[in-house]
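Just so it is clear, none of the values below were taken in a lab; they were calculated from the coordinates. Since we're looking at a predicted model, the values are computed, not measured. Here the Cβ is made from the backbone with ideal geometry for all residues, glycine too, and neighbour counts use every protein chain on show.
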Amino acid sequence: MFWLILALVVCVALASAVLGMVAVPARREGRQVLTPRGENLVTSVAQTTDKVATRAKDATENVVGTVKRERSQA
């Protein structure tokens, strides 16, 4: 198990190093890191995430309200 975790940590470290060497300097120079299609995808995912979070919050508030009403009636 130790070797598996060590391998995962090494992979994350290598990925972070590559990201730091390629994406960060490109972003600082004003170059786009993603293609226009990738930018559209990221925007779409962000909008969908907001919608899902709003729905989850509403559902949670409904459940909390129902539980509070049932507890007060009991």
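For the stretch 33-51, a residue qualifies if it is part of a helix (DSSP H, G or I) and of a type in the set (S, T, Y), and the qualifying residues are T43, S44, T48, T49.
For the stretch 12-23, indicate whether the set of residues that are more than 22 Å from the chain's Cα centre (by Cα) and either part of a helix (DSSP H, G or I) or without any contact (Cβ under 8 Å) to a residue 40 or more places away in the chain (or both) is non-empty. There is at least one residue in the stretch 12-23 that is more than 22 Å from the chain's Cα centre (by Cα) and either part of a helix (DSSP H, G or I) or without any contact (Cβ under 8 Å) to a residue 40 or more places away in the chain (or both). Going through (1) of a type outside the set (D, E, K, R); (2) surrounded by fewer than 10 Cβ atoms within 10 Å (Cβ to Cβ); (3) part of a helix (DSSP H, G or I) one by one, G30 falls short only on (3). For the residues V42, V67, V33, the requirement of being touching a helix residue (DSSP H, G or I) at 6+ places or on another chain (Cβ under 7 Å) and free of Cβ contacts under 8 Å to residues at least 24 places away in the same chain singles out V33.
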